[in-house]
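The values are calculated or read from the model by the stated rules, or taken from the named source; none is laboratory data. This one's a predicted model, so the numbers in the text were calculated from it and none came from an experiment. When we count neighbours, we look across all protein chains shown, and the Cβ atoms used for this are built from the backbone with ideal geometry, even at glycine. With ligands, DNA and RNA removed, areas are computed over all heavy atoms of the protein, side chains included. Shrake-Rupley method; radii C 1.70, N 1.55, O 1.52, S 1.80 Å.
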Amino acid sequence: MKGVVIALEGQDGTGKSTVIDAIKGYFDEKGLAYISAREPGSTEIGEKIREILSDKANKEMDYHTEALLFAASRSELYDKVIKPNVERGTSVILDRFLLSSLAYQGIVRGLGVEEVKALNDFFLKGFRPDLTILMDLDARKSFKRLEKLGELDRIESLGEDFQQKVHKAYLKLYKEEDMKLIKLDGTKDKLSLAHDALEEVKKLIKEC
């Protein structure tokens, strides 16, 4: 099997980690080579950029700067993690990728979906994950989950209203984007979520 790229998307607190753990467990069970990575981060430079983006002291950050920093971290991740691993037959499981920037910066921040897409395609050259799984959960529920986890970072601390805008942005993209994109019901229990996600992953692996 060739290496595949699977990205988990959705606003914070929607259950992405649950599904990622299920996919990793399935890959382990089948003896399939994989690595997992997060955005922003998972490279030396990416983790430094993550610190800047997460720091609540940077609450006045310009939206263009925010988009550029996310893109810079993604460029490092694509060049140093995704591309070389896929080429050697290792799959990559991502906690966020391009769809996040289209939702957060393209729609919610108002920079424009096509503009953010063009910025990222400067280095992605049209690359998209083989499968993007969107976790669909009402912002009120997802934000309550976030609050239980403890201190919120710069973007998480923008509140429930912001998370609601992000949720609507993701749903808009789900209807309009032409990338391989499926949606899961985030209100389901962990076992059901894992089952639904793995059904899609199994289909992808058969295709490859």
Please give me, ordered by residue number, the GluC sites (Glu not before Pro) of segment 137-177 that lie in loop per DSSP and have at most 16 other Cβ atoms within 10 Å.
151
Could you point to the residue in 57, 101, 10 farthest towards the positive end of segment 5-118's charge dipole, with +1 and -1 charges on the Cβ of Lys/Arg and Asp/Glu respectively?
10
What fraction, in whole percent, of alpha-carbon pairs in segment 65-179 exceed 17 Å separation?
59 percent
For a label point 7 angstrom out from the Cα of residue 160 toward its Cβ, which stretches of segment 10-30 have the backbone nitrogen within less than 19 Å?
11-15
Hey, what did the chain get for relative contact order, percent, Cα under 8 Å, at least 6 apart?
33 percent
State the dimensionless ratio Rg/Rh of segment 6-56 (Rg: radius of gyration of Cα atoms; Rh: Kirkwood radius).
1.05
Would you mind working out the accessible area per residue for the chain, using a 1.4 Å probe, and quoting it in Å²?
50 Å²
Which percent of the accessible heavy-atom area of segment 1-157 goes to carbon and sulfur, probe 1.4 angstrom?
49 percent
How big is the equivalent ellipsoid of the chain along its three axes, where each semi-axis is √(5λ) from the Cα gyration tensor, reported in whole Å from largest to smallest?
25, 21, 16
Could you let me know the centre-to-centre spacing of segment 44-117 and segment 142-182, using Cα atoms, in angstrom?
15 Å
